[in-house]
Amino acid sequence: MIDSGSCSLIIKGEGLDFSEISKTLKINPTREMRKGVVYSSIFGPNKEDFWIYELKVNENQSPNDTLSTLLSYLSHSKQFIVMLSKSHNVSIKCYIQSSMAQIGFDLSPPTIVELSKLNVKLEFSILSWGGVEG
């Protein structure tokens, strides 16, 4: 059982034009972070710019559903994302958290096809708290 999660488009690099990215993708970022600014005392100053758009995994959705929704938001901007990924670090990240010891999910063939069209890396972060149903 998945307790929470998100799927995000993450763009990292030097000198990102945040307004151009938002305008071209036609979505407002969840977060923008500039190089050199301290957003967390634990990590210190950012080493590069970050533009992040995040969608939460809802209770009624699977990670595949959330990822599919994210990809549909990006469908009109595939060429821009491919071009941007040649000079910047662009990725899709799926984060899943569960209180159970074992979790799993799948990606549908249409989702995999849409991901491949973006030609960016896909990252998974899965956090399990190790509980067992008895």
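The values are calculated or read from the model by the stated rules, or taken from the named source; none is laboratory data. Bear in mind that the values here come from a model prediction, so they are computed numbers and not experimental data. Neighbour counts are summed over all protein chains in view; Cβ atoms, including those assigned to glycine, are modelled from backbone coordinates with ideal geometry.
Values computed for the structure shown
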quantity	calculated
Evaluation of ASN58 against (1) surrounded by 17 or more Cβ atoms within 10 Å (Cβ to Cβ); (2) more than 13 Å from the chain's Cα centre (by Cα) (one fails), failing number	(1)
Verdict on ASP65 being free of Cβ contacts under 8 Å to residues at least 24 places away in the same chain and charged (D, E, K, R)	yes
Meets criteria (on the phi < 0 side of the Ramachandran plot, over 15 Å from the mean Cα position of the chain (by Cα) and not hydrophobic (A, V, I, L, M, F, W, C)) for ASN89	no
Test: residue in the range 80-93 that is within 18 Å of PHE124 (Cβ to Cβ), loosely packed, with under 13 Cβ neighbours inside 10 Å and out of contact with any helix residue (DSSP H, G or I) (no Cβ under 6 Å at 6 or more places or on another chain)	no
Pair list, Cβ < 7 Å and 6+ apart or interchain, from the range 103-129 residues that are among the aromatic types (Phe, Trp, Tyr) to residues that are part of a helix (DSSP H, G or I) and surrounded by 13 or more Cβ atoms within 10 Å (Cβ to Cβ)	PHE105/PRO63; PHE105/ASN64
Residue satisfying all of: in the range 15-32; of a type in the set (Ser, Thr, Tyr) and surrounded by 11 or more Cβ atoms within 10 Å (Cβ to Cβ); farthest from the chain's Cα centre (by Cα) among these	THR24
Matching residues in the range 74-128 - criterion: being touching a Leu at 6+ places or on another chain (Cβ under 8 Å), hydrophobic (A, V, I, L, M, F, W, C) and over 21 Å from GLY15 (Cβ atoms)	LEU74, ILE92, CYS94, ILE96, LEU107, LEU115, LEU118, LEU122
In the range 94-106, the residues that are exposed (fewer than 12 other Cβ atoms within 10 Å of the Cβ) and either more than 17 Å from the chain's Cα centre (by Cα) or farther than 15 Å from SER62 by Cα (or both)	ALA101, GLN102, GLY104
When residues of the range 45-81 are limited to those that are assigned to a strand (DSSP E or B) and among the hydrophobic types (A, V, I, L, M, F, W, C), the one nearest to GLN97 (Cα to Cα)	LEU55
Residue count, the range 107-129 (criterion: modelled with pLDDT under 90 and loosely packed, with under 10 Cβ neighbours inside 10 Å)	0
Options SER8, SER98, SER22, SER87; residue that is farther than 23 Å from PRO109 by Cα and in a strand (DSSP E or B)	SER98
Filter result for the condition that a residue is closer than 30 Å to ILE103 by Cα and surrounded by 15 or more Cβ atoms within 10 Å (Cβ to Cβ), over LYS35, LYS12	LYS12
